[in-house]
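The values are calculated or read from the model by the stated rules, or taken from the named source; none is laboratory data. All of these numbers come straight from a predicted model, not from anything done at the bench. Note that we place each Cβ from the backbone using ideal geometry, even for glycine, and neighbour counts take in every protein chain shown.
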């Protein structure tokens, strides 16, 4: 199973585990929780990767699937005034991934990345491996280091 995310992790020599799962794509709003259930882990340990804009600049936010991203908190963390979710049409162009399968690793362009502080509560967390049906289990410290992320209260 090789995606850009997996290649980046291997090249960095980071310890990680791949987890494949199956979830009905029609789950809608509860997709993240369905992924956690399919893998048998707590939703608080499964993180979604979102593309947003802060004052017109694209940024990446990594937050637990059990929470909603606070765009106000993201704007604050990025030192901006206003944040909003990015246009879905920009996702593939900027990250190289399809919506619903954005990984924080191996993105086409390195964007400022912000990780919710709840990630640091766990020895390992789960993030997208670069496509739906694939999660990467990785230490939060490695996620933060490899993406150059800043940790902040985002939810």
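Before we move on, is residue 111 assigned to a loop (DSSP other than H, G, I, E, B), buried (at least 17 other Cβ atoms within 10 Å of the Cβ) and touching a residue at least 40 places away in the same chain (Cβ under 8 Å)? Against the criterion (assigned to a loop (DSSP other than H, G, I, E, B), buried (at least 17 other Cβ atoms within 10 Å of the Cβ) and touching a residue at least 40 places away in the same chain (Cβ under 8 Å)), residue 111 qualifies. Just one of (1) free of Cβ contacts under 8 Å to residues at least 60 places away in the same chain; (2) assigned to a loop (DSSP other than H, G, I, E, B); (3) under 11 Å from the mean Cα position of the chain (by Cα) fails for residue 105. It is (1). Per the listing 42, 53, 137, 117, the residue uniquely within 20 Å of residue 7 (Cα to Cα) and either modelled with pLDDT of 95 or more or in contact with a helix residue (DSSP H, G or I) (Cβ under 7 Å, 6 or more places away or on another chain) (or both) is 137. Residue count for the range 71-96, restricted to those that are in contact with a helix residue (DSSP H, G or I) (Cβ under 9 Å, 6 or more places away or on another chain) and over 16 Å from residue 147 (Cα atoms): 7.
Checking each residue in the range 89-102 for being outside any helix (DSSP H, G or I) and either buried (at least 17 other Cβ atoms within 10 Å of the Cβ) or free of Cβ contacts under 8 Å to residues at least 40 places away in the same chain (or both) picks out 96, 97, 98, 99, 101, 102.
Restricting attention to the range 60-77, and to residues there that are without any contact (Cβ under 8 Å) to a residue 40 or more places away in the chain and not in a helix (DSSP H, G or I), which single residue is surrounded by the fewest Cβ atoms within 10 Å (Cβ to Cβ)? Among residues in the range 60-77 that are without any contact (Cβ under 8 Å) to a residue 40 or more places away in the chain and not in a helix (DSSP H, G or I), the one surrounded by the fewest Cβ atoms within 10 Å (Cβ to Cβ) is 66.
With respect to the conditions (1) without any contact (Cβ under 8 Å) to a residue 12 or more places away in the chain; (2) out of contact with any helix residue (DSSP H, G or I) (no Cβ under 8 Å at 6 or more places or on another chain); (3) part of a loop (DSSP other than H, G, I, E, B), residue 145 lacks only one, and its number is (3).
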